[in-house]
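The next block holds one structure in the form of structure tokens; read it before the comments.
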Amino acid sequence: MAVTAAMVKELREMTGAGMMDCKKALAATEGDMEKAVEFLREKGLAGAAKKAGRIAAEGMVVTDLSADEKKAVVVEVNAETDFVAKNELFRNYAADVAAQALKSDAADMDAFMAEKWEKDPSLTVKEALSAQISVIGENMNIRRFEKLSVENGFVASYIHAGGKIGVLVAVESDVVNDELKEMAKNVAMQAAALKPLFTNRSEVDADYIAKEKEILTAAAKNEKPDANDKIIDGMVMGRINKELKEICLLDQVYVKAEDGKQSVAKYVESVAKANNAKVNVVKFVRFETGEGMAKKEENFADEVAKQMGN
């Protein structure tokens, strides 16, 4: 039986599932509407589309590490409310997503969502997400993931505030022991707290520096219009160096430094020396739940009134 647009529209209105999912369900059931509804329910797709327009800016960040700790992944999974984000079902699902992402070869989110869901290969990752949306009752989203790996050394992870922030730190080292792992965890905590943008100065884009010089030069000339170029250049470079010490992880003042002056790089160096090791903090990744996303804000009293009215 040929599937018509009117049939797809009817099924979509009945279930709230997506148009393509409805078309697929009708094709699989030869146009039988009741069986198509069952098909969508079994796949966990019925009802998911109705929630898709809601803003999912809460949630949690999860990390997962390989057994040898040479490879790790950090994942952000979103939900609409902090209440659901603390739900055990949601947290277990987020952990499953991280476990799949750790093994995945997907180059981007589209490829990842098209993969077979490891816990139920009859579903894709996208379909498994839709199933969770139907069960949990809120819009959800697997927003992003990133992996770090090293050949010699290890990757450390740190989760702050139950999943509000997650950090990975990749460490190259010819020695791996508890002291070095503790050092890496401290560096990850530093990244969580102080929000650096780069690991070290070599990562800072030349265009970024050039633009900063342009802005700071104009500002310096406005402050000291009679100063010569040498004085202006000195002011600009001083301010750029100060900024780099704030945005580069290894240049930052180590938060646990007893003298309040030791940099993260010097801290790493001191631990490496104490363990007779060659250590290099290669890279870090920091995810914060909902960063850069618009969050829906409603007055609680208005929300209650709205519900009472309904």
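The values are calculated or read from the model by the stated rules, or taken from the named source; none is laboratory data. This one's a predicted model, so the numbers in the text were calculated from it and none came from an experiment. Cβ sites come from the backbone with ideal geometry, for glycine too, and all protein chains shown count toward neighbours. Heavy atoms of the whole protein, side chains included, go into the accessibility calculation; ligands, DNA and RNA do not. Shrake-Rupley method; radii C 1.70, N 1.55, O 1.52, S 1.80 Å.
Each stretch of four or more DSSP H residues adds -39500 (n - 2.57); spread over every residue of the chain, this sum gives -14500 deg cm²/dmol at 222 nm. When we measure straight from the Cα of residue 245, which lysines land under 17 angstrom away, once same-chain ones fewer than 8 places off are left out? Output for residue 245: 195, 213, 256, 261, 266, 283. Taking a straight line from the alpha carbon of residue 278, these aspartates and glutamates sit under 17 Å away, with near neighbours fewer than eight places off in the same chain left out: 151, 172, 174, 178, 179, 182, 269.
Between region 246-267 and region 99-152, what is the separation of their alpha carbon centroids in Å? Cα centroid of region 246-267 versus Cα centroid of region 99-152: 36 Å apart.
Build a GNM of the chain with springs between Cα atoms under 10 Å apart, and of 172, 138, 151 the one that fluctuates most is 151. Annotation: the antiparallel percentage among DSSP beta bridges lying fully within region 145-221 is about 100.
Rolling a 1.4 Å probe over the protein heavy atoms gives region 175-299 an accessible area of 62 Å² per residue. Descending by average beta-carbon neighbour count within 10 Å, the peptides 92-105, 213-226 line up as 92-105, 213-226, the highest first.
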